[in-house]
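The structure under discussion appears below in the form of C-alpha cells.
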Amino acid sequence: MKNLILFLLRLTGLRAVLVRYHQWRLRGAAALMKKFGSDTEMPVWCSARFRRHQRALRRLGFLIEREFALTSRPVYGREGYRAFCELMRGRFPDGYWSCAAGGRRIILIAPTSQIPEWEQFVSEYESKTFGVKDEI
C-alpha cells in the first residue's frame with residue numbers, strides 16, 4: 001500500500017511538493033532547536049516538531065536510516081560527542097540529517113542521496129584524527 005501511495009504521489013507531482021514543504025518545516029524546527037537547545041539537551045516540543053517532519057520525509061523516501069559500527073575510534077563522553085557533532089556539521093551543513101552517536105554505534109537519519117558521503121565520512125573518521133583527541 002505504501003508503495004502504491006508513493007507511486008501516485010510521484011505520478012501526480014505531489015511528492016515533490018510534500019518533500020519541499022517538510023524540508024522547509026524541518027529547517028525551521030532545526031533553527032528552533034539551535035536557538036533553545038544544545039548538543040546534549042533539547043526541549044521536548046522542539047525535538048517533537050523536528051521528528052514529525054523527519055518521519056514525513058522518511059515516509060516520502062527522502063530520508064533513510066542507517067546504522068554504523070565504529071571499530072577503531074568510538075565516541076565517548078560529552079566532549080567527544082560534541083566534537084563529533086562539530087565534524088558532522090562541518091561536513092554536512094544542510095541540516096536534513098540527525099544522528100545519535102555513542103560508544104561504537106552511530107544511528108543516522110539522512111537524505112538517501114547522501115548515504116555514500118556519510119559512509120565515506122565514517123570511514124575517514126575511523127582512519128584519521130580529524131583534529132579530535134581520542135578518549136579511549
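Here is a check on your reading of the model: is residue 27 open to solvent by less than 40 Å² (accessible area, probe 1.4 Å), modelled with pLDDT of 85 or more and under 19 Å from residue 108 (Cβ atoms)? Against the criterion (open to solvent by less than 40 Å² (accessible area, probe 1.4 Å), modelled with pLDDT of 85 or more and under 19 Å from residue 108 (Cβ atoms)), residue 27 does not qualify.
When each of 100, 30 is tested for being part of a helix (DSSP H, G or I) and of a type in the set (A, V, I, L, M, F, W, C), the lone residue that passes is 30.
Quick check on this structure: which one of 73, 89, 51, 78 is open to solvent by less than 30 Å² (accessible area, probe 1.4 Å) and within 24 Å of residue 103 (Cα to Cα)? Outline the logic, then answer.
Details: 89 fails: open to solvent by less than 30 Å² (accessible area, probe 1.4 Å); 51 fails: open to solvent by less than 30 Å² (accessible area, probe 1.4 Å); 78 fails: open to solvent by less than 30 Å² (accessible area, probe 1.4 Å).
That would be 73, the only listed residue that is open to solvent by less than 30 Å² (accessible area, probe 1.4 Å) and within 24 Å of residue 103 (Cα to Cα).
Inspect the range 107-122 for any residue being in a helix (DSSP H, G or I), open to solvent by less than 20 Å² (accessible area, probe 1.4 Å) and out of contact with any strand residue (DSSP E or B) (no Cβ under 9 Å at 6 or more places or on another chain) and give the result as yes or no. Yes; the residues of the range 107-122 include at least one that is in a helix (DSSP H, G or I), open to solvent by less than 20 Å² (accessible area, probe 1.4 Å) and out of contact with any strand residue (DSSP E or B) (no Cβ under 9 Å at 6 or more places or on another chain). Just wondering, is there one or more residues in the range 41-48 that are open to solvent by less than 70 Å² (accessible area, probe 1.4 Å) and either under 11 Å from the mean Cα position of the chain (by Cα) or more than 24 Å from residue 25 (Cβ to Cβ) (or both)? Within the range 41-48, none of the residues are open to solvent by less than 70 Å² (accessible area, probe 1.4 Å) and either under 11 Å from the mean Cα position of the chain (by Cα) or more than 24 Å from residue 25 (Cβ to Cβ) (or both).
Of the residues making up the range 38-60, those that are outside any helix (DSSP H, G or I) and either touching a helix residue (DSSP H, G or I) at 6+ places or on another chain (Cβ under 6 Å) or not small (Gly, Ala, Ser) (or both) are 39, 40, 41, 42, 43, 60. How about the range 85-97: which of its residues are under 22 Å from residue 56 (Cα atoms) and either in contact (Cβ under 8 Å) with a residue 40 or more places away in the chain or not in a loop (DSSP other than H, G, I, E, B) (or both)? Listed by number, the residues that qualify are 95, 96.
The values are calculated or read from the model by the stated rules, or taken from the named source; none is laboratory data. Fair warning: this is a prediction, and the values are worked out from it, not measured in the lab. Here the Cβ is made from the backbone with ideal geometry for all residues, glycine too, and neighbour counts use every protein chain on show. These area figures cover heavy atoms from the full protein model, side chains too; ligands, DNA and RNA do not enter into them. Shrake-Rupley method; radii C 1.70, N 1.55, O 1.52, S 1.80 Å.
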